[in-house]
Amino acid sequence: MSPYALSVLMSSLAIGTITTLSSTHWFLAWMGLEINTLAIIPLMTKMHHPRATESATKYFLTQATASALILFSTTINAWVLGEWTITNLNPMSSTILTIALAMKLGIAPFHLWLPDVLQGLNLMTGLILSTWQKLAPMALLIMINQQLNSSLLVMMAILSTIVGGWGGLNQVQMRKIMAFSSIAHLGWMILILTFFPTLTILNLMIYILLTSSMFMMMINLYSTNINKLATSWLKTPTLSASMMITLMALGGLPPTSGFLPKWLILQEMTKQHMGFISTIMAMSALLSLFFYLRLSYSISLTTAPNISNSNLMWRTQLKPLMILPATIVLSLLLMPITPLLLATIT
């Protein structure tokens, strides 16, 4: 792709998200989401492969349906209340809007497009889809959190964590595993949204940090499935060890940064006298932890294939992205500064 075209598309992605984040008018927020969608579709199809075209088509149809629902719900809201302000919603518009934004994010039961779309993309576009594209819809949910149906959100959250954990168990493709990981993490975010939105922001920040670290390591190691991952230690042993620890952080094991949001969310849910739901969420997190542990085990030196019969690239040819060391360190060591993070976000 031409550098000029790429710069225009990346700028459009940034402009779309910033427009949605800074708007107080529903129509302007909707326009930002549309700019976002239209900017990423050419990035999806730049591989010139049937799978990429299929992914772009599925993504476009899903996002177009969600955008139509958003416009429909906000028009009803303007008709009933006589204004387009984001912070004022009537109950019916709120429910339709929650479903539309869940479709945009890939929250269960509207998640079926996400694994297939992510599998057809290259890793860099997959990174953008898994991180940057979550910002605008999640920001809208956070802005209207007091007017959302908490029962609907809790049901979708439980379903998302169970589907995200169960769906990733039998996967061998790294991009599909990351898609189911995304679904499970989104479940944790929307569970706490109406009770403590600050924790949703913290969870989103840590999710973006961990997912960015994983995708950048996969880009550096050229690993798109478990078999390639098993030989990655031959290329860069240090990076493979870092990936193993980052997978533990994604699973939420202490003392990594991934444990932080789960711990705080379960604590807050217990304070809200929702012990049964907290137990279900904690148990469903074990499903996700299982496939992260399986990946970590495949990276370690004990599993076959621990040698490679193919020609290996020289280690000096691997050029890690400059931001990767910082993201790995932050993925592992945010626990001690938890009070500072919460104070900063609040």
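Below, the figures for the structure above:
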item: Residue check, MET269 open to solvent by less than 20 Å² (accessible area, probe 1.4 Å), modelled with pLDDT of 90 or more and over 22 Å from THR211 (Cα atoms); result: yes
item: Any hit, segment 243-258, residues being over 17 Å from LEU293 (Cα atoms), open to solvent by 20 Å² or more (accessible area, probe 1.4 Å) and either in contact with a strand residue (DSSP E or B) (Cβ under 8 Å, 6 or more places away or on another chain) or free of Cβ contacts under 8 Å to residues at least 40 places away in the same chain (or both); result: no
item: Number of the condition not met by GLU83 [criteria: (1) part of a helix (DSSP H, G or I); (2) open to solvent by 30 Å² or more (accessible area, probe 1.4 Å)]; result: (1)
item: Positions within segment 111-147 being open to solvent by 20 Å² or more (accessible area, probe 1.4 Å), closer than 24 Å to SER22 by Cα and more than 14 Å from the chain's Cα centre (by Cα), in sequence order; result: ILE142, MET143, GLN146, GLN147
item: Tally, over segment 1-34, of residues that are under 17 Å from ILE86 (Cβ atoms), open to solvent by less than 60 Å² (accessible area, probe 1.4 Å) and part of a helix (DSSP H, G or I); result: 10
item: Residue under evaluation MET103, criteria (1) part of a helix (DSSP H, G or I); (2) aliphatic (A, V, I, L, M); (3) surrounded by 23 or more Cβ atoms within 10 Å (Cβ to Cβ), criterion not met; result: (3)
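Yes/no matrix, rows are residues, columns are (1) more than 20 Å from ILE99 (Cα to Cα); (2) touching a residue at least 60 places away in the same chain (Cβ under 8 Å):
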| site | (1), (2) |
| --- | --- |
| PRO42 | yes, no |
| HIS49 | yes, yes |
| ALA52 | yes, yes |
| PHE60 | no, no |
| GLN63 | no, no |
| LEU71 | no, no |
| ALA78 | no, no |
| GLY82 | yes, no |
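Residues are listed down the side, and each one gets a yes or a no for (1) part of a helix (DSSP H, G or I); (2) open to solvent by less than 30 Å² (accessible area, probe 1.4 Å); (3) farther than 20 Å from PRO339 by Cβ; (4) hydroxyl-bearing (Ser, Thr, Tyr):
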| site | (1), (2), (3), (4) |
| --- | --- |
| LEU199 | yes, yes, no, no |
| SER212 | yes, yes, yes, yes |
| ASN220 | yes, yes, yes, no |
| SER240 | yes, yes, yes, yes |
| MET283 | yes, no, yes, no |
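The values are calculated or read from the model by the stated rules, or taken from the named source; none is laboratory data. Being a predicted model, the structure only gives us computed values, none of them experimental. All Cβ positions, glycine included, derive from the backbone under ideal geometry; neighbour counts span all protein chains shown. To get the accessible areas, we keep the full protein, side chains included, count just its heavy atoms, and leave off ligands, DNA and RNA. Shrake-Rupley method; radii C 1.70, N 1.55, O 1.52, S 1.80 Å.
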